[in-house]
Every structure is written in structure tokens, then in C-alpha cells.
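The next block holds one structure in the form of C-alpha cells; read it before the comments.
The values are calculated or read from the model by the stated rules, or taken from the named source; none is laboratory data. Please read these numbers as outputs of a predicted model, since none were measured by experiment. A quick note on method: Cβ atoms are made from the backbone with ideal geometry, for glycine too, and the neighbour counts reach across all protein chains shown. Keep in mind that these areas ignore ligands, DNA and RNA; they rest on the heavy atoms of the full protein, side chains included. Shrake-Rupley method; radii C 1.70, N 1.55, O 1.52, S 1.80 Å.
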Amino acid sequence: MKFKNVLFDLDGTLTDPFEGITNSIVYALRKFGIEVEDKRALLPFIGPPLFNSFREIYGFSAADAEKAVKLYREYFAEKGIFENRVYEGVLTLLHNLEAEGKTLILATSKPEPFAEKIVKHFEIDRYLRHIAGATFNSERCEKPDVIRYALEKAQITELDETVMVGDRKYDILGAKANGIKSVGVLYGYGTKEELIGAGADYLALTPQDIIELT
């Protein structure tokens with residue numbers, strides 16, 4: 001099935017943010033006296049809202065989780081935001097989809113100002129018609145809300161012609177909540193089991209697969 005509108009997650013889908021995100025988390029946790037020996041243990045932080053992750057993974061109270069997010073952003077805004085790389089094949093993917101006349105939209109749980117800086121830095125912004133991200137507060141941070149905002153921002157009403165591409169269950173569940181199809185990518189941070197369990201309509205092993213699916 002071919003789609004007219006393609007929404008993309010950012011972290012784990014267009015770019016690999018491992019260094020920037022984990023370094024920012026290490027910085028925040030250190031302020032609480034918590035040292036991280038292996039940054040790979042922080043992989044679950046990539047994808048879901050940070051506030052939720054600090055609470056679920058480290059058992060922080062709401063107040064401490066909010067403080068941790070602020071500390072995270074101190075490091076991320078200055079350094080972590082650019083400790084990132086574009087996945088191989090993504091620029092070709094975006095170029096080809098744009099050439100086919102598709103509307104490409106970013107739908108990320110990362111705060112919108114951060115997302116805008118990242119896609120501009122890596123020159124991805126030239127392919128994106130709209131950039132939809134989370135707010136710095138809890139007003140819009142869950143993926144269903146971000147996707148809804150993206151659809152509204154792009155004035156999309158043809159839901160059957162629209163698909164969400166992402167690497168975590170949050171992308172898949174957010175797509176379902178908004179009545180659109182989803183592609184789960186297997187080169188990011190979600191597992192095949194996670195994506196299938198969430199109900200992904202399609203799976204993509206590489207960015208090239210996304211071209212063929214959408």
C-alpha cells in the first residue's frame with residue numbers, strides 16, 4: 001500500500017541519538033548521586049517521554065523526575081543535542097519519498113525546539129513539510145498527542161493515506177490511537193517482538209524497506 005503522508009519519529013528512526021541522550025541522562029543522574037557504569041543500561045530511555053522513564057526505571061517521585069528532566073536538558077541543550085548521527089540510508093529515503101510527491105512530517109516526543117535544531121543541523125529539515133514535537137511541559141508529551149498535533153498542523157484528514165514510521169511501541173500505539181497505519185523499523189531501539197506486540201502494520205529492516213512500503 002502506498003501512502004500520501006508519511007510521519008517520521010526522530011530518535012531511533014531518522015537519527016541515532018545514543019551518545020547525546022545517554023550522556024544527558026548520566027549528567028542528570030549524577031546530580032542525584034547515581035553513577036551509571038554501562039550506558040547501554042539507559043537504552044530504555046530512548047523513545048518514551050523522559051519524565052515517565054525517570055519514574056519507571058529509577059523510581060523517582062514526580063518532583064524528582066521533573067527535576068531530572070530539567071537537569072537532562074541542561075546538558076542536552078548545550079552538548080547532547082549534536083551528539084547524534086543520521087542513520088545510513090535515511091537521506092536517500094527522504095529524498096526519494098519527497099521526489100515521489102509525498103508529504104513528509106516529523107512527529108517526535110522530543111521538545112519541538114530541540115527537534116527543529118537537530119533536523120536543521122543535519123540538513124534533514126529540507127525534506128520535512130512540518131515539524132511536530134512535544135512541549136517542554138506535560139501539555140503535549142505522549143506520542144498519541146504528538147501525532148494528533150502533527151496531523152492537525154499538516155491539516156491531514158485522509159487518514160487512510162497516512163502512515164507513521166517509528167522504532168518503538170509508542171509510535172505504533174500512537175498511530176493506532178489516531179486511526180493511521182504504522183511501520184515499525186528494526187534498525188532502531190525497539191525489538192521485533194515489541195513492534196509486533198504493539199500491532200505494527202508493517203516492519204522495515206532498513207530505510208530502503210521504508211521506501212518500498214510507503
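The numbered conditions (1) open to solvent by 40 Å² or more (accessible area, probe 1.4 Å); (2) closer than 25 Å to L186 by Cβ; (3) assigned to a loop (DSSP other than H, G, I, E, B) are all true for L91 except (3). In the stretch 127-141, the residues that are over 15 Å from V69 (Cα atoms) form Cβ pairs under 9 Å with partners that are of a type in the set (A, V, I, L, M, F, W, C) and assigned to a loop (DSSP other than H, G, I, E, B), at six or more places apart or across chains, as follows: R129/A154; H130/A154; A132/A154; G133/L10. Of F3, F51, F60, all but one fail to be in a loop (DSSP other than H, G, I, E, B) and closer than 30 Å to R129 by Cα; the exception is F3.
When the stretch 63-79 is filtered for residues that are in contact with a helix residue (DSSP H, G or I) (Cβ under 8 Å, 6 or more places away or on another chain), in a helix (DSSP H, G or I) and either open to solvent by less than 70 Å² (accessible area, probe 1.4 Å) or under 18 Å from E19 (Cβ atoms) (or both), the ones remaining, listed by number, are D64, A65, A68, V69, L71, Y72, R73, E74, Y75, F76, A77.
Among the residues that make up the stretch 149-158, is at least one of them assigned to a strand (DSSP E or B) and within 20 Å of K4 (Cβ to Cβ)?
Within the stretch 149-158 (the criterion being assigned to a strand (DSSP E or B) and within 20 Å of K4 (Cβ to Cβ)), the answer is no, since none of the residues qualifies.
Under the condition of being of a type in the set (G, A, S), in a loop (DSSP other than H, G, I, E, B) and either within 30 Å of D125 (Cα to Cα) or in contact with a Ser or Thr (Cβ under 9 Å, 6 or more places away or on another chain) (or both), the residues counted in the stretch 14-48 number 1. Total residues in the stretch 173-197 satisfying the condition of being without any contact (Cβ under 8 Å) to a residue 60 or more places away in the chain and farther than 9 Å from K143 by Cβ: the figure is 14.
Note on the stretch 160-210: residues that are surrounded by fewer than 18 Cβ atoms within 10 Å (Cβ to Cβ) and closer than 17 Å to L104 by Cβ total 2. Could you grab me the full set of residues in the stretch 116-133 that are closer than 13 Å to K153 by Cβ and surrounded by 21 or more Cβ atoms within 10 Å (Cβ to Cβ)? I131, A132, G133 - these are the residues of the stretch 116-133 that are closer than 13 Å to K153 by Cβ and surrounded by 21 or more Cβ atoms within 10 Å (Cβ to Cβ).
Residues in the stretch 23-42 that are open to solvent by 60 Å² or more (accessible area, probe 1.4 Å) and among the aliphatic types (A, V, I, L, M): A41 alone.
In summary, S138 fulfils each of the numbered conditions (1) under 24 Å from E78 (Cα atoms); (2) assigned to a helix (DSSP H, G or I); (3) among the small types (G, A, S); (4) open to solvent by 10 Å² or more (accessible area, probe 1.4 Å) with the single exception of condition (2).
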